[in-house]
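Undergrad: Here it is, the structure, as structure tokens.
The values are calculated or read from the model by the stated rules, or taken from the named source; none is laboratory data. Keep in mind it's a predicted model, so treat the numbers as computed, not measured. Note that we place each Cβ from the backbone using ideal geometry, even for glycine, and neighbour counts take in every protein chain shown.
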Amino acid sequence: MPMMFEDRGAYAIAEAKAVESVRALDPVMAAAERGIAFDEEAGTFVLPFLGAEVRVASATGEVTGDEGRRLSGATAIIALHYLFYRGEPLRAEGWLAYRDMPGGRDFSRAFEAMAEAKLARHFGEAPDAFADAAAALGGEPEDAGRYAFLIPALPRVPLLVVLWPACEDVAGEARVLFRPSAPFYLHTEDLAALGALAAERLACRAPRPLA
């Protein structure tokens, strides 16, 4: 199971290592490569992140959200890693399942449980609420289905989230898909956490639990 889901104590170690890498960056070049802004006056990277704005201080690596609230855990680590991580993009086209990411088969069941199954339970009988939640995160309709939305999770790491509503005795299903370029910008473990965060934020946009 990915560290993001299992070993909460490892966050501090991972974050400390990521901070050192961020402090070594040329901030202007890094911002241009990652498709984000760099606020030179404040000395912070400005990342659109799942419908919100996250700032990362280039000098300290501190990650903050709304009203300067310090962020930690998966959100902070993903934001930090996005600024400097360089992996290998996949030689493929279209959209890929999490299990197709490098090493993703080892964690695919955990990802399905914490991202896709959660969306199916929450929205399977309320697909219009799913559409509203996706729109609230900046999602745009895609041709993959009636309830398929391209969600700009990070500037260069979009997600395609697809819901098949429940029908009679058939339970709803959901998929969270990635571009082949995603492994260049984030490690497979971070992609799992990103998908889980997306599912959580979509569910939180519903007025109340629907499952």
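Undergrad: I'm told Asp100 meets every condition in (1) surrounded by fewer than 21 Cβ atoms within 10 Å (Cβ to Cβ); (2) within 18 Å of Arg156 (Cα to Cα); (3) modelled with pLDDT of 95 or more except one. Can you identify the failing condition by its number?
TA: (2)
Undergrad: State yes or no: is Arg23 at pLDDT 95 or above, under 20 Å from Val157 (Cβ atoms) and not assigned by TED's automatic domain parsing to the domain that holds Met114?
TA: In short, no.
Undergrad: Now for a separate question. Grab the helices (runs of 4 or more DSSP H) fully contained in the range 1-115, keeping just those with 3 or more residues being in contact with a strand residue (DSSP E or B) (Cβ under 8 Å, 6 or more places away or on another chain).
TA: 27-34, 73-84
Undergrad: Looking at Ala198, Ala174, which one is within 19 Å of Ala97 (Cα to Cα) and under 11 Å from the mean Cα position of the chain (by Cα)?
TA: Ala198
Undergrad: Please identify the pairs in which a residue from the range 52-73 that is of a type in the set (Ser, Thr, Tyr) has its Cβ atom under 7 Å from the Cβ atom of a residue that is loosely packed, with under 12 Cβ neighbours inside 10 Å, counting only partners at least 6 apart or on another chain.
TA: Hits for this filter: Thr64/Arg70.
Undergrad: Right, something else. Scan the range 129-172 residue by residue and report those that are outside any strand (DSSP E or B) and acidic (Asp, Glu).
TA: Asp132, Glu142, Asp143, Glu168, Asp169, listed by residue number.
Undergrad: Out of the residues in the range 137-151 that are surrounded by 15 or more Cβ atoms within 10 Å (Cβ to Cβ) and small (Gly, Ala, Ser), state the one that is farthest from Ala198 (Cα to Cα).
TA: Among those residues, the one meeting the criterion is Ala144.
Undergrad: Given (1) closer than 25 Å to Tyr85 by Cα; (2) touching a helix residue (DSSP H, G or I) at 6+ places or on another chain (Cβ under 9 Å), identify the lone condition not met by Glu140.
TA: (1)
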